[in-house]
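Trainee: Structure provided below as structure tokens; questions to follow.
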Amino acid sequence: MPTLIVNARIFAPEPLGTCQVLVEGDRITAVAEHIDLSGSALTVVDAGGNWLLPGFVDALTHPCGGGGEGGFQNRTAEVGFETFVRAGVTSPVGALGTDSISRSLEVLYGCVMGLRRQGLAAYMYTGSYRVPVDTLTGDVARDLVLVDPVIGVGEIAVSDHRSSQPSAAELRRIAADARLGGIISGVGGAVMIHLGDGPAGLKPLYDALEGSDLPVSAFYPTHCNRNSGLLAEAAGLACAGAWIDLTASTVPEFIRAGEVPALQALRQLIADGVPRDRISISSDAGGSLPHYEKGVLKGLTTAGPGVMLETVQAVLKEDRRVVADVVAALTRNPANALGLKDRGRIHVGASPDLLLLDAGTGALCDVMCGGRWLLRDGTLNVPAWANRR
Ligand code: ZN
């Protein structure tokens with residue numbers, strides 16, 4: 001039965017005011033101030049003036065765990081279905097991280113398919129930090145064409161002491177293969193790049209692009225807010241046409257070391273004239289966040305996807321002027337960067353991936369993905385066949 005959501009204040013991500021949304025099957029079929037369906041059999045959901053946003057597209061997550069500095073005992077745990085749902089992330093994009101030796105693409109594939117089975121629109125990157133890249137089929141382009149959840153390559157590390165120090169030719173080849181795979185399969189074929197705090201900054205990407213036929217958007221760098229110098233470099237890349245990604249997960253130690261908080265970085269990029277539609281924010285969920293005391297590693301916590309929701313809650317409370325830009329950075333912009341043209345927007349023809357947030361508290365009450373409610377009034381709603389046993 002179709003679902004008509006009424007009395008919702010919508011960021012699509014552009015602000016639409018109070019509107020109605022009609023969901024039929026796995027598509028949004030109407031968005032208007034008033035949709036006349038008198039006499040039709042349908043389920044009406046009164047949003048009661050609450051906020052309706054697209055589900056978050058989290059361009060960098062580690063569903064099978066990410067890093068783990070300081071030894072095997074510090075391996076981070078898997079990030080599961082409920083954690084993503086309660087964070088409003090309907091499209092987590094999974095990656096291996098630093099460790100592609102004791103974790104594999106096959107394990108990542110299993111995690112991503114498990115999230116899909118439970119109702120999320122999950123995706124993954126082939127490859128990892130390392131070059132030559134690990135793949136599932138033996139070839140980057142073949143992975144993109146033949147393995148459904150694979151939509152790009154990453155996160156390939158550059159300017160980092162943990163990276164393989166890839167040459168310009170190696171990066172160029174990876175981007176070319178990803179682009180070809182993306183063209184054949186109809187996904188973005190982006191190469192997600194992990195930027196470390198090495199002095200080379202974005203130079204490896206410029207070196208790879210120089211003299212090639214690749215568009216500047218072939219590379220999609222993340223952690224661009226790691227320090228103000230890197231952020232300024234990333235602004236230049238975005239002005240030239242690339243998508244750039246900010247990491248929302250952080251700890252006080254990182255901020256003291258010069259990291260620019262994601263929301264502050266977003267505001268700064270927009271003030272500096274960077275196109276608003278080229279900036280995304282991801283969580284790095286499942287990645288490790290080391291705790292230091294006086295320079296000594298005391299332990300690690302794990303980044304979670306909840307920072308996506310917290311980022312939008314912060315601006316809903318404090319600064320309504322930037323809400324549409326923040327929502328775009330969490331939804332439509334990463335979807336566009338990854339070639340997921342029917343995700344991250346409340347438009348006719350898009351997948352009904354929807355979040356309802358309480359207008360008073362900002363709390364996430366309801367989550368729909370692909371037309372199915374995964375969360376209703378704060379309660380998880382998973383069919384018995386998709387439950388873990
Ligand atoms: Zn990274």
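Trainee: Taking the Cα centroid of the range 342-361 and of the range 97-156, what is the distance between the two, rounded to the nearest whole Å?
Mentor: 27
Trainee: Please give the net charge around ALA234, taking every other residue with its beta carbon less than 12 angstrom from that of ALA234, where Lys and Arg add +1 and Asp and Glu add -1.
Mentor: In short, -1.
Trainee: What is the Cα centroid distance between the range 208-281 and the range 56-84, reported in whole angstrom?
Mentor: The range 208-281 and the range 56-84 have Cα centres separated by 22 Å.
Trainee: Now a separate question. Ignoring everything except DSSP H segments at least 4 long, calculate the 222 nm mean residue ellipticity for the chain; use -39,500 (n - 2.57) per segment, divide by total residues, nearest 500.
Mentor: -8000 deg cm²/dmol
Trainee: Just how much of ILE255 is accessible, in Å², when a 1.4 Å probe is used and the result is rounded to the nearest 10?
Mentor: 60
Trainee: What does the accessible area of LYS341 come to, in Å² to the nearest 10, when a probe of 1.4 Å is used?
Mentor: Surface open to solvent at LYS341 totals about 130 Å².
Trainee: Are there any trypsin sites (Lys or Arg not before Pro) in the range 132-211 that are in a DSSP loop and have at most 16 other Cβ atoms within 10 Å? List them by number.
Mentor: Answer by residue number: ARG162.
Trainee: Mind pulling the angle between the C-alpha long axis of helix 306-318 and the longest principal axis of the chain? Nearest 10 degrees, somewhere in 0 to 90.
Mentor: The angle comes out near 60 degrees.
Trainee: Once the Cα atoms of helix 168-185 and of the chain are each reduced to a long axis, what angle between those two axes, in degrees from 0 to 90 to the nearest 10, is obtained?
Mentor: Roughly 30 degrees between the two axes.
Trainee: Nearest 10 degrees, 0 to 90: what angle lies between the long axis of helix 262-271 and the longest principal axis of the chain (Cα atoms)?
Mentor: Long axis of 262-271 versus the principal axis of the chain: about 90 degrees.
The values are calculated or read from the model by the stated rules, or taken from the named source; none is laboratory data. Quick caveat, the model's predicted, so the values are computed rather than measured. Heads up, the Cβs are rebuilt from the backbone with ideal geometry, glycines too, and the neighbour counts pull from every protein chain shown. Remember, those area values only see protein heavy atoms, side chains included, never the ligands or the DNA or RNA. Shrake-Rupley method; radii C 1.70, N 1.55, O 1.52, S 1.80 Å.
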